[in-house]
Amino acid sequence: NEKPSALIMIFGATGDLANRKLFPSLYRLFEKGNLSENFAVIGVARRSLSNEQFQENVKNSVQSVASNSNNIDEFASHFYYHSHDVTDSDSYVALREMAVQLDEQYQTKGNRIFYLAMAPEFFGSIATHLNEDGLTNVQGFKRLVIEKPFGHDLKSAKELNNQIRTAFSEDEIYRIDHYLGKEMVRNIEVIRFANAIFEPLWNNRYISNIQVTSSETLGVEERGRYYENSGALRDMVQNHMLQMVALLAMEPPIKLNTEEIRSEKVKVLRAMRSIKDDKVDKYFVRGQYGEGILNGQKVSAYRDEQMVDPQSNTETFVAGKLLIDNFRWAGVPFYIRTGKRMKSKSTKIVIQFKDIPMNLYYKTEQTLNPNLLVIHIQPEEGITLHLNAQKTGNHMNATPVKLSYSNTGIDGINTPEAYEKLLYDCMRGDATNFTHWDEVALSWSFVDNISQHWQQTQTHFPNYESGSAGPKDSDVLLARDGFFWWPIG
Ligand code: BG6
């Protein structure tokens, strides 16, 4: 396999994402020998910095992931800096000249990756300039990597898409959903399609419900300005949560390639029943955190956070019931929930199987525990299968037992970061784990119905304490169907 060569331009190179994720991920690829020598990076941002200053930033940012610090200087020597004005053509022309020279110097085969890791209001105009000022005029491949949020609703997402499509074709656009870089999210497909014992049961005859939870302990931190206009529905549900649902629900692809996998996911999103108007209150619950105690510390309410309106109606929690109207899933609820300032940081999928037809082991009230397959996405990575068996000496009684597999090494050190895998995929031209426009459009149209209804109706916020499992109504949502949330741990 040839190692990828490319010139990577990172817009927003002085920002948090570049420093916390992108530089360290590139470094790990470099250290493992997955990058060829023929790569260079141009950091692009407004601030004025010399190449040397920028290289210092890069070195600092990769320090903690470097197992051998001898490589750091050599790695950083591939980094250059361009102080940029995103609205000024001259600045793009200067960037182009720098790029042409580095293409030559590093023999990048004219391959260029444009990574937009910055405020989304500039995505469209940058793409337009890249085209008009000749930066996308390349000898090799050109790819655009674009961070979320991809629009604010379907309408703005379409506008943005039309703008970037003037410079890049659909298969040159890599829309990041970092959940698709997570090891165990990628594993969903393998667990399903590589095991004879799951796939035959993976349908409405044997599965009673599926629960997808992504809970965080962090609050909104310093992102109040962005989050106020987003809320958990746009921030987490439109992308990460629906992506996990699509992977859980899709039909087996005929081949493991980008097109086939994405088209199966698209079909799931098309089959998702749209929930609108009054129905929203029956299927969806929103919440906002109040103050509370988390890890022994008092933490403040969302409305008291920086850059947050003291009367804010923005939701920091969402729980919902999704129905997928196709042969496989008719009648099986997919429950999703996500929230900030909850009692633990955990992303987990629970597949609850139906009860067996008759309980031979217990008379009267005591019931057998249902079989569960739990996919631990983070912080633990692995799977647990909950079964019933008889323990020695416990004559004729069934006891729950768990079979567990942990995907991480003892210390978890070797688990590559989501961004590392996504960057590598992009360099190799594998778009499977990036979101196709059709997925973006379908998930926005689903989410828009809900946000429209919420906008028109009253909230009673705050309605959950920091450090809790979310609002009571989220439990009621499942209780109405005779279910409950399996604990988030
Ligand atoms: C991001 C959201 O996409 O995902 C954040 O914008 C959220 O608000 C984050 O905190 C959660 O990601 P992870 O990988 O920590 O579960």
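The values are calculated or read from the model by the stated rules, or taken from the named source; none is laboratory data. Note that the structure is predicted; figures quoted are calculated from it, not measured. Every residue, glycine among them, receives a Cβ derived from its backbone with ideal geometry; neighbour counts consider all protein chains shown. SASA here: full protein model, heavy atoms, side chains in, ligands and nucleic acids out. Shrake-Rupley method; radii C 1.70, N 1.55, O 1.52, S 1.80 Å.
Odds and ends about this structure:
- Leading residue by the ranking (surrounded by the fewest Cβ atoms within 10 Å (Cβ to Cβ)) among those in the stretch 169-181 that are touching a residue at least 12 places away in the same chain (Cβ under 8 Å) and out of contact with any helix residue (DSSP H, G or I) (no Cβ under 7 Å at 6 or more places or on another chain): D171
- Here E465 clears all of (1) open to solvent by 40 Å² or more (accessible area, probe 1.4 Å); (2) more than 30 Å from V308 (Cβ to Cβ) except the condition numbered (2).
- Filtering the stretch 67-101 to residues that are over 18 Å from L49 (Cα atoms) and open to solvent by less than 30 Å² (accessible area, probe 1.4 Å) leaves I72, F75.
- Listed by first and then second residue, the pairs with beta-carbon distance under 6 Å, at least 6 apart or on different chains, first residue in the stretch 218-237 and of a type in the set (V, I, T), second within 8 Å of the ligand (Cβ to nearest atom), are V220/Y227.
- Filtered by the rule that a residue be of a type outside the set (F, W, Y), near the ligand (Cβ under 10 Å from one of its atoms), in a helix (DSSP H, G or I) and open to solvent by 30 Å² or more (accessible area, probe 1.4 Å), the stretch 199-249 gives a lone residue, R234.
- Being within 16 Å of the ligand (Cβ to nearest atom), closer than 30 Å to V332 by Cβ and touching a strand residue (DSSP E or B) at 6+ places or on another chain (Cβ under 9 Å) is not true of R186.
- Count of the stretch 250-273 residues which are in contact with a Leu (Cβ under 8 Å, 6 or more places away or on another chain) and open to solvent by 10 Å² or more (accessible area, probe 1.4 Å): 5
- Within the stretch 149-198, the residues that satisfy the criterion of being more than 26 Å from L233 (Cβ to Cβ) and assigned to a loop (DSSP other than H, G, I, E, B) are T166, A167, F168, S169, A194, N195, A196, I197, F198.
- Each residue in the stretch 250-266 was checked for being touching a helix residue (DSSP H, G or I) at 6+ places or on another chain (Cβ under 7 Å) and outside any helix (DSSP H, G or I), and 5 pass.
- Residue within the stretch 9-16 that is in a helix (DSSP H, G or I) and within 21 Å of F141 (Cα to Cα) present: no
- Of the residues Q306, Q288, the single one that is within 26 Å of R480 (Cα to Cα) and of a type in the set (S, T, N, Q) is Q288.
- For the stretch 363-379, the criterion of being of a type outside the set (D, E, K, R), more than 30 Å from L17 (Cβ to Cβ), open to solvent by 20 Å² or more (accessible area, probe 1.4 Å) and touching a residue at least 40 places away in the same chain (Cβ under 8 Å) is satisfied by at least one residue.
- All of (1) of a type in the set (D, E); (2) in contact with a Gly (Cβ under 8 Å, 6 or more places away or on another chain); (3) more than 16 Å from the ligand (Cβ to nearest atom) hold for D281 with one exception: (2).
- Filtered residues of the stretch 182-198 (kept if of a type in the set (A, V, I, L, M, F, W, C) and open to solvent by less than 40 Å² (accessible area, probe 1.4 Å)): M184, V185, I188, I191, F198
- Subset of the stretch 307-334 that is in contact with an Asp or Glu (Cβ under 9 Å, 6 or more places away or on another chain) and not in a loop (DSSP other than H, G, I, E, B) - its residue that is least open to solvent (accessible area, probe 1.4 Å): A319
- Residue count, the stretch 133-148 (criterion: closer than 19 Å to E97 by Cα, in a loop (DSSP other than H, G, I, E, B) and in contact (Cβ under 8 Å) with a residue 24 or more places away in the chain): 8
- Sole exception among (1) within 26 Å of I173 (Cα to Cα); (2) touching a Lys or Arg at 6+ places or on another chain (Cβ under 9 Å) for A469, by number: (1)
- Among the residues making up the stretch 337-360, those that are open to solvent by less than 30 Å² (accessible area, probe 1.4 Å) and either more than 30 Å from G292 (Cβ to Cβ) or within 11 Å of the ligand (Cβ to nearest atom) (or both) are T338, G339, K340, S346, T347, I351, F353.
- Residues that are free of Cβ contacts under 8 Å to residues at least 12 places away in the same chain and under 30 Å from the mean Cα position of the chain (by Cα), drawn from the stretch 61-97: Q63
- Yes/no for K276 being more than 16 Å from the ligand (Cβ to nearest atom), open to solvent by 10 Å² or more (accessible area, probe 1.4 Å), part of a helix (DSSP H, G or I) and over 20 Å from T314 (Cβ atoms): no
- Selection count where residues are closer than 20 Å to Y227 by Cβ, surrounded by fewer than 21 Cβ atoms within 10 Å (Cβ to Cβ) and of a type outside the set (F, W, Y), scope the stretch 113-146: 3
- When the stretch 1-23 is filtered for residues that are within 15 Å of N60 (Cβ to Cβ) and either at pLDDT below 95 or open to solvent by 10 Å² or more (accessible area, probe 1.4 Å) (or both), the ones remaining, listed by number, are T14, G15, D16, N19, R20, K21.
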